[in-house]
1. Wholly within the range 230-314, which strands (runs of 3 or more DSSP E) include no fewer than the required count, namely at least 1 residues that are modelled with pLDDT of 90 or more and of a type in the set (D, E, K, R)?
2. Name, by its number, the condition in (1) part of a helix (DSSP H, G or I); (2) among the hydroxyl-bearing types (Ser, Thr, Tyr); (3) modelled with pLDDT under 80 that does not hold for Ser156.
3. For Lys201, work out the one condition from (1) in a strand (DSSP E or B); (2) surrounded by fewer than 23 Cβ atoms within 10 Å (Cβ to Cβ) it doesn't fulfil.
4. Which of (1) within 28 Å of Ala102 (Cβ to Cβ); (2) out of contact with any Asp or Glu (no Cβ under 8 Å at 6 or more places or on another chain); (3) surrounded by fewer than 14 Cβ atoms within 10 Å (Cβ to Cβ) does Glu290 not meet, given it meets every other one?
5. Restricting to the range 181-218, give me the number of residues that are hydrophobic (A, V, I, L, M, F, W, C) and closer than 19 Å to His302 by Cα.
6. Checking the structure you have, find out if any residue of the range 177-200 is over 21 Å from Tyr289 (Cα atoms) and at pLDDT below 80.
7. For the list (1) in a helix (DSSP H, G or I); (2) at pLDDT 75 or above, I need the number of the one condition that Ser107 fails.
Amino acid sequence: MALGIMAKAKYKYNPRTLSFEKAKFSVKEKWLVFLRYAGFTLTVGILSILAYGSFFRSPREIILERENELLQREFATIFGELDTLKLVANDLQRQDDEVYRAIFGASRFPDHMRNPGIGGSERFSNLKGFRFSDELVLAKRQIAILQRQLVAQSKSMEEVFALARSKTEMLSSIPAIQPVNNKNLKQMASGYGWRIHPIYKVMKMHTGMDFTAKEGTEVYATGDGQVVQVEKLFTGYGHHVVIKHGYGYETLYAHLSKINVRQGQKVKRGETIGLVGNTGTSVGAHLHYEVIKDGGKVNPAHYYFNDLSAAEYAQLLEQSSIANQSLD
């Protein structure tokens, strides 16, 4: 017959006496009862732990989650900084090949030296097997590539410096500074390239750089040379000056309010040649500045290496690349 469960004692029904009698259990039956209750208690305990883990986080889990979030933010910051450093390194390489070495007639620095290998996949094997292993390996690989590029760039610049020491006159003649005081880099209004014309409102090739400044601000010669053209027009460049520097270089300074030099006059880098104005086809006081190399107009942004650091150059280059509206 089925066993009955009372408050403290166990009873079972005796059909012969038609009464309930106190049950007597064997050792085996006692163990079965014990195991039944123990199994039930264990099951309830496990389910309770699982339920708690599903709905509640332990202090250690909260700390680990916060650490993971911090690491993710730090990796995002690191990769952003690496992108900036790569941009600066690439700009230095471009200046080196397209400006510095071109100036001295030197051949390009070998590509295999600029981009050396960094070893096989086992190089970063000690970083594998962790939660952020992929991010760590990627960051270390990019840093290693950047380090080798900068070492190669350093060797290239040593060669350029050696060439420069033997060509002092050429260096003083080549355009190498900004034509107006622009230490805070806020005067550059429009760069070289396709820009919206301020009057015709169509895209036109803007062959120089526009620097905003108050009317009367001093304009400087960007390299030693001789003034070959002085014009005072009511359209186009307005009042403007052209300086011939030699070695295939000329510079143009337009929309001046006053011209301080005469045709045929020799000038030195940094000498004041005129004042910022709003003459000719212009919609506001500014200086339009051009660099001409071997008869072709080139991007002036590549010719500020005497007064800009690498970081400042990268900032100015980014500003000048924005396709905004020119001022002339």
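1. 239-246, 249-254, 256-259, 286-293, 296-298
2. Every condition holds for Ser156 apart from (3).
3. Failed condition: (1).
4. In the conditions (1) within 28 Å of Ala102 (Cβ to Cβ); (2) out of contact with any Asp or Glu (no Cβ under 8 Å at 6 or more places or on another chain); (3) surrounded by fewer than 14 Cβ atoms within 10 Å (Cβ to Cβ), Glu290 misses (3) alone.
5. Residues meeting the conditions: 7.
6. no
7. Failed condition: (1).
To keep it simple, each residue is scored yes or no on (1) closer than 30 Å to Ala139 by Cα; (2) modelled with pLDDT of 70 or more; (3) part of a helix (DSSP H, G or I).
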position: Phe34; (1), (2), (3): no, yes, yes
position: Ala38; (1), (2), (3): no, yes, yes
position: Leu50; (1), (2), (3): no, no, yes
position: Arg66; (1), (2), (3): yes, yes, yes
position: Glu69; (1), (2), (3): yes, yes, yes
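The values are calculated or read from the model by the stated rules, or taken from the named source; none is laboratory data. The shown structure was predicted, so the numbers you read here are calculated from the model rather than taken from an experiment. So basically every Cβ, Gly included, is an ideal-geometry build from the backbone, and we count neighbours across all protein chains shown.
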